[in-house]
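Worksheet: the structure to be examined is printed underneath.
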Amino acid sequence: MDIKTVLYILNIVLALGTLYAWYQFYKVVANKCDTCSVSLHENPFKSKCFTGAVFFTLSFAFAFWALLIA
């Protein structure tokens, strides 16, 4: 398996993870999340779901950049 194949797989996994993370954050904003630690009166941007979504988005961006320069 060469590096391009590994980067393609990495990008697919991170793209799916990013979509899932932003969906989870949407559930927090829509007050449909029953597992999050954010109460109804707190800022949803302080939730764990938002932190995870940003982390996955940055990871996906770096992986995509690595694929472009490989």
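Derivation of every value follows stated rules applied to the coordinates shown; laboratory data play no part. Quick caveat: nothing in here was measured; it's all calculated off a predicted structure.
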- Message: Can you divide the C-alpha Rg of the chain by 2.2 N^0.38 Å and report the result to two decimal places?
- Response: 1.35
- Message: For the chain, set up a GNM with springs between Cα atoms under 10 Å and report which of A15, A53, A30 has the largest fluctuation.
- Response: A30
- Can you work out ³J(HN,Hα) from phi for every residue in the range 51-65, in order, using Karplus 6.51 cos²θ - 1.76 cosθ + 1.60 and θ = phi - 60°, giving whole Hz and x for Gly and Pro? 4, x, 5, 5, 4, 5, 5, 5, 4, 5, 4, 5, 5, 5, 4
- Message: Given the DSSP H assignment, sum -39500 (n - 2.57) over each helix run of at least 4 residues in the chain and divide by its residue total; what's the result at 222 nm in deg cm²/dmol, nearest 500?
- Response: -24500 deg cm²/dmol
